[in-house]
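As structure tokens, the structure follows; a few thoughts come after it.
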Amino acid sequence: MSRYVLLGLFHEATPTANTIEQLRAVGISDDQVTVMSGMPYRPEMLGRPRHRGRVWRFAIVGALLGAATALFLTVGVWLLYPLVQGGQPITPIPPTLIIAFEVTMLGTMWASFLSMLFENRFPAFKSQLYDPRVTEGHIGVLLEVDEKLADQVEAILKANGAHHFQRVEEKRPLFKPRGGTWQDFKERIAAAIGGPDVGHRKFWLAVLTILVIGGAIGALVPYGVFPISFPTQMENQISIAYEQGPRRAAPAAAVPVQGPVLIAGLPATAPIPANANSLQRGEVLYGVTCIVCHGATGVGNGKLSGFLSPKPADLTSASIQGISDDAIFLVITQGLDAMPSLAENLGVQDRWDVINYVRRLKK
Amino acid sequence: MSERQHDRPIWRHPMPKDEDLAHQIEHEREQHLLLDPRYPLHIDEGVLDPMYRQGRLFWLVCVIVGGLVAAWGATWLVQMFYGLGITGLKRPVMWALYIVNFVYFIGVGHAGTFISAALRVLKVEWRRPISRAAETLTVFALITAAMFPIVHLGRSWKFYWLLPYPNERQIWPSYHSPLLWDLTAILTYLSCSILFAYIALLPDFAMARDHTIGWRHTLYDILSLGWRGTEREWGNQETALNVFSFGIIPVMFSVHTIVSWDFAMTLQPGWHSTVFGPYFVIGALFSGVAAVIMVMAIARKGMRLEYFLRPEHFDGMAKFLLLLSFAWDYFYFNDVLVPWYGQDPVEKTIFALLTGGYVSPIFYLMIFSNVILPAATLWSKRVRTSIPALFVVCLFVQIGMYLERYIIVPVTLGQNYLPFDWGVYTLYLPESLITVGAFALVAFLYLIASRFIPLIPVWEVYEGQVLQGLRRIGRALVKTRAEPD
């Protein structure tokens, strides 16, 4: 006995509802009928049972998955690899709440979107029984009947003013049998694998498989399960220690970036003769830059000397006075121990003036 | 009413014999889209026809706008090569125009989803033809905004280091940082806005599939995923739309709050304030609603959608804009009052800079555009229903809101607790080009989309027209609301 799929198009909701009522009287159950329309007619308008979808449940599952992901990112990872930063605890509550909220909503909405597609059997690759006039405001009644009822149903549709009509022979059942017996269960399994509108299941299974396999491979690469032979780890790259040799000699005509002052054994610039002018300038500059540590008499008892360790040098001592002018110049330029470089405060000429003055501090 | 009237298709309007009543019905029909149903095929045509129309003006605008986008790309490449030093960024103003654009475009992206989701939840009837234009604006503005933190990076190509995934570098983003909250919130909001728009688009893609041929038919066949409009499809779609409507509103609030936290979580005077969250959200909605009105006006003119977008819709949106303007005034007053009361020296300096310093022209223009102009004009129904006048008001709101973000970012950042470190930001060419390119990118994406996406949700309009009715009370005709739950 062959089965038929029938599609009738109506202009209006009222004749559609009348048709559905009469079909029910003939003995066609609500499961065998579906209505297609270009706008969401309420089930009550057409006298149809309310559709009970499962999108809500998927949304809740998605929310839970999202929350779990967020907690893993914000709490789980930080407990596995603790790293204190910003003086905050390892798992501070307010940021965790923010991330938990965002990712929970992300999970909820993505899950409801994907479940909507899945529940609607999208994407539908197979050509389905359809009439493009549905999107022009017509209402289509689609139903599946036995051969013996087909003519009767056709008559009902036409009597109610179905202005367009399609009838297709269907080999396999369009609507899955519902019931609880073992036989029903086996039929449902068979329909799930080889039924007429299962294209979307194969599609989503393929997507899921690609995601799982791809994700697993992607996740395993950084752990070296699939070794990739380019040096991404720092330990595999060429390592050179700080100032490790061999060092190349400077070119013949090169000068140090700081200028000729720093070449040992050579005078920095020509020293300035210790005339009255230079000494006076030296005294003033000494009073500005040196006096706070080395003191007015140069014995190292300046006002800051109490805070310093090691103590400022006694400039009047024989050991200081014994070193060369160039060496003193280098100390002023570069600093030594606690003494900072004064190169920014004293120009080259200023330094020679200060040196001339320091020479006069001899006991 | 007779039995026949129930069976009559809604697009047939028999006129009553009573001449006065007929006149009134005619008037109502002119005023309200939902009371003016036409044969659905004509409505479909009204939406699909402009998508085929690519006149000389369209291509001219495309070339200009596309050129500006290309200028963005070229400038960005130059900036990547030479570094951020070629921009006007210097200590202490290390956040400037890129961050202004980021905040501004995120703000513009706020109204679309809000209009669509909140008005759907509240069952406001005039949302029906607007929602698509608003949702697409959200998506494009968010895409543009999301690019700006990347533009602002010194090494733009390493932006993916922000994403948490096990990697050979052994680095993991720190969720203690507001910047990571930002990334999470924007990814959530952007992806969910796209899905939200797509779910509502499915029936319209099916409509387009049924009425096109050639490559467009193939395209819409794929995009509609095989939508037939069965009861199950509509039921699941409605559930999903409900989940999205209720879910995306708190996400929207969170997104701009988190953007404001990028500022408020620092100790910078002028930023470190608890009012920043709601202040930013209201500012975002304010500029966003104004942007949607502008897009509606341009689409109405450019795509000849006069049948769908009527003065009633502009009226509703303008009332919404006025309301948001008041709310924004309140929050801005709060934001100024509290520092003024504290008399902190730095805050006083910033305030003096705004009211009498080099920023004062910007400040007063902002106050004029955001406070005085909306309040002075939008109370009038003549302005609200006049599309050119409303367009000008909205343009000023856009300018005002952009300047407001400019004042918040580079101007405030110039003054901190250490006066030796104060500075003034000056605009250089690279960031100016990139900013112009950002506006061009939104326009460009919108231009392209307007030829591929039905800009009016036909099924929603059709549903509204089926459900809406007129009732006569005494001598007057009254619109009846009937959106069933």
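The values are calculated or read from the model by the stated rules, or taken from the named source; none is laboratory data. Predicted, not measured: the structure shown is a model, and the values here were computed from it. Here Cβ is always computed from backbone atoms with ideal geometry, including for glycine, and neighbour counts include all displayed protein chains. Surface areas here come from the heavy atoms of the whole protein model, side chains and all, with no ligands, DNA or RNA. Shrake-Rupley method; radii C 1.70, N 1.55, O 1.52, S 1.80 Å.
Laid out as a table, the results:
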quantity: Radius of gyration and maximum dimension Dmax of segment B:28-183, Cα, Å; calculated: 21.8, 67
quantity: 21 Å Cα-Cα reach of B:K17 towards lysines, excluding residues that sit fewer than 8 places from it in its own chain; calculated: B:K479
quantity: Percent RCO, i.e. relative contact order, over chain B, from Cα pairs under 8 Å lying at least 6 residues apart; calculated: 29 percent
quantity: Chain A shape via C-alpha gyration tensor axes, a/c threshold 1.5; calculated: prolate
quantity: Relative contact order (%) - chain A, alpha-carbon pairs under 8 angstrom, separation at least six; calculated: 19 percent
quantity: In degrees, nearest ten, helix B:458-467 long axis to first principal axis of chain B (Cα); calculated: 50 degrees
quantity: Value of Rg to Rh for segment B:259-395 (Rh from inverse mean 1/r over Cα pairs, i.e. Kirkwood); calculated: 1.07
quantity: Partner aspartates and glutamates for A:K303 [C-alpha distance under 15 Å; skip if fewer than 8 residues away on the same chain]; calculated: A:D314
quantity: Mean ellipticity per residue at 222 nm, deg cm²/dmol - from DSSP H runs of n ≥ 4 across chain A, formula -39500 (n - 2.57); calculated: -13000 deg cm²/dmol
quantity: A:E21 - accessible surface, heavy atoms, 1.4 Å probe, Å² rounded to 10; calculated: 120 Å²
quantity: Mean Cα-pair separation over length for segment A:3-175, i.e. relative contact order, pairs under 8 Å, 6 or more apart, %; calculated: 53 percent
quantity: Counting DSSP beta bridges with both ends in the protein assembly as shown, the antiparallel % (nearest 5); calculated: 100 percent
quantity: Helix axis angle, A:276-285 relative to chain A longest principal axis, alpha carbon, degrees; calculated: 40 degrees
quantity: Where the Cα pairs of segment B:54-119 fall when distances are cut into 10 Å bins, in %; calculated: 16, 27, 32, 21, 5
quantity: Expected-Rg normalisation [2.2 N^0.38 Å, Cα atoms] applied to segment A:3-175; calculated: 1.60
quantity: Heavy atoms of B:Y428 accessible to a 1.4 Å probe, total area in Å² rounded to 10; calculated: 100 Å²
quantity: Most mobile listed residue (A:L220, A:L346, A:L106) in chain A, GNM with C-alpha springs under 10 Å; calculated: A:L346
quantity: Using θ = phi - 60° and Karplus 6.51 cos²θ - 1.76 cosθ + 1.60, couplings along segment B:314-322 (whole Hz; Gly, Pro as x); calculated: 5, 4, x, 5, 5, 4, 4, 5, 4
quantity: Heavy-atom accessible area order for B:F286, B:F351, largest first, 1.4 Å probe; calculated: B:F351, B:F286
quantity: For the protein assembly as shown, radius of gyration divided by Kirkwood radius, i.e. Rg to Rh on alpha-carbons; calculated: 1.13
quantity: Residue of A:L211, A:L117, A:L83 that the Gaussian network model of chain A assigns the largest fluctuation, springs spanning Cα pairs under 10 Å; calculated: A:L83
quantity: Dimensions in Å of chain B - Rg and Dmax from alpha carbons; calculated: 24.6, 85
quantity: Gyration tensor over alpha-carbon atoms, segment B:416-485, equivalent ellipsoid semi-axes in Å; calculated: 53, 23, 11
quantity: Ranked packing of B:332-339, B:137-144, most packed first, by mean Cβ within 10 Å; calculated: B:137-144, B:332-339
quantity: Rounded to the nearest 20 debye, dipole of segment A:3-175 from Cβ charges on Lys, Arg, Asp, Glu; calculated: 300 debye
quantity: Rg(Cα)/(2.2 N^0.38 Å) for segment A:261-359, N = residue count; calculated: 1.01
quantity: Using θ = phi - 60° and Karplus 6.51 cos²θ - 1.76 cosθ + 1.60, couplings along segment B:295-309 (whole Hz; Gly, Pro as x); calculated: 4, 4, 5, 5, 5, 4, 6, x, 10, 6, 9, 4, 5, 8, 9
quantity: Under 20 Å from B:K348, Cα to Cα: aspartates and glutamates that are on another chain or at least 8 residues apart; calculated: B:D335, B:E404, B:D421
quantity: Where A:V103, A:V212 fall by accessible area, highest first, once all protein chains stay in place (1.4 Å); calculated: A:V212, A:V103
quantity: On Cα atoms only, tilt of B:178-210 relative to the major axis of chain B in degrees; calculated: 20 degrees
quantity: With DNA, RNA and ligands ignored, accessible area of B:H176 (1.4 Å probe; Å², nearest 10); calculated: 30 Å²
quantity: Out-of-range pairs (alpha-carbon distance over 18 Å; input B:K123/B:K381; A:K126/A:K202; A:K148/A:K186); calculated: B:K123/B:K381; A:K148/A:K186
quantity: Simple Cβ-charge dipole of the protein assembly as shown, Lys/Arg +1 and Asp/Glu -1, about Cα centre, in debye nearest 20; calculated: 360 debye
